[in-house]
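Trainee: Encoded as structure tokens, here's the structure I'll be asking about.
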Amino acid sequence: MKTTLNFTAYLIYLPVVIALTWYVAHTLFRNSKVFMLDIFHGKTDMAFSTNSLFKTGFYLLNLGFGLWIMRIAVEILDSRSMLEILSTKIGGFSIYLGFMLFFNLYLFFRGRRISKQKSKAVETIEKPPVNTEIK
Amino acid sequence: MNVLAYILYLAITYIITFRVGLLFYRNGKVYILHLFQGNEKLSNAVNRLLLVGYYLLNLGYAAVMISTWETVHNIEEVLVSVVSMTGWIMLTLATIHFLNMTVIYLFSIQRKYFNHHKN
């Protein structure tokens, strides 16, 4: 039986991907609580449940993608090509994770800006300038 | 070997679906309560119905996906097929989840619009 190194490659790839996703999600969503509290004007329950919903979605999306692309189509015969293929895969996945991280950050900043604009608009509606009311 | 793959796949998928459903159930409560303006009875009922619908949809989909499985011969192929199928299920779960969040967001915008124009 011809031995290939595919199985070893999978056994290396899986823990790396899972650990990487866990680390990114953990860091991102520990720090996003501040944004969420800002967006929901300090409503703690709403902010924290939104945070954990986003976290679940992030895990599902990225772990799902990482697992889905695990299959290596070629037969790996020596350790050099295994290392090369693995580094391409893991590097690609971590670039993808980085883009996801920045996309999430963009969403948080955008939500914060919109919520600030809204609260400003509400303030001006509730307290109209005095002159206009006399007319 | 296929049977081993199915058992592994079903176990992993069902655990993930169950956990994620529970998470959604707990965290979605606040939203639905907000949407129904604090009507606790109604929002609990709606939340539970949504959970059951979610379970039915997902477990059913996971079970149906087994029919498209290719024949596996050794442990390596078992690993590959189980992992990629689980990844696929997780991706669909994520898609459904983000669609749901968008729908809830749109609902909340509409409600604000109504309230604003009623007064």
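The values are calculated or read from the model by the stated rules, or taken from the named source; none is laboratory data. Everything numeric in this text was worked out from a predicted model, so none of it was measured. Methodologically, a virtual Cβ is constructed for each residue, glycine included, from the backbone with ideal geometry; neighbour enumeration extends over all protein chains shown.
Trainee: All but one of (1) within 14 Å of another protein chain (Cβ to nearest Cβ); (2) surrounded by 11 or more Cβ atoms within 10 Å (Cβ to Cβ); (3) modelled with pLDDT of 90 or more; (4) more than 30 Å from A:THR3 (Cα to Cα) hold for A:GLY98; which doesn't?
Mentor: For A:GLY98, the failing item is (1).
Trainee: Separate question: May I ask you to verify whether B:THR102 is within 14 Å of another protein chain (Cβ to nearest Cβ), at pLDDT 85 or above and within 30 Å of A:ALA9 (Cβ to Cβ)?
Mentor: no
Trainee: I'd like the full set of residues that are of a type in the set (Ser, Thr, Tyr) and assigned to a helix (DSSP H, G or I), limited to the stretch A:1-27.
Mentor: Hits for the stretch A:1-27 are A:THR8, A:TYR10, A:TYR13, A:THR21, A:TYR23, A:THR27.
Trainee: Of the numbered conditions (1) without any contact (Cβ under 8 Å) to a residue 60 or more places away in the chain; (2) facing another protein chain (nearest Cβ under 7 Å); (3) not acidic (Asp, Glu), A:MET70 fails exactly one; give the number of that condition.
Mentor: With respect to (1) without any contact (Cβ under 8 Å) to a residue 60 or more places away in the chain; (2) facing another protein chain (nearest Cβ under 7 Å); (3) not acidic (Asp, Glu), A:MET70 is out only on (1).
Trainee: For the structure I just gave you, tell me whether B:GLY87 is facing chain A (nearest Cβ under 9 Å) and either acidic (Asp, Glu) or buried (at least 17 other Cβ atoms within 10 Å of the Cβ) (or both). Walk me through how you get there before you give the answer.
Mentor: Details: facing chain A (nearest Cβ under 9 Å): yes; either acidic (Asp, Glu) or buried (at least 17 other Cβ atoms within 10 Å of the Cβ) (or both): yes.
The answer is yes for B:GLY87.
Trainee: Let me ask something else about it. For the stretch B:66-83, which positions are part of a helix (DSSP H, G or I) and over 15 Å from B:LEU10 (Cβ atoms)?
Mentor: Answer for the stretch B:66-83, where residues must be part of a helix (DSSP H, G or I) and over 15 Å from B:LEU10 (Cβ atoms): B:ILE75, B:GLU76, B:GLU77, B:LEU79, B:VAL80.
Trainee: Could I ask something else about it? Read through the list (1) touching a residue at least 24 places away in the same chain (Cβ under 8 Å); (2) within 13 Å of chain B (Cβ to nearest Cβ); (3) within 30 Å of A:THR3 (Cα to Cα), then give the number of the only condition that A:LEU61 fails.
Mentor: Every listed condition holds for A:LEU61 apart from (3).
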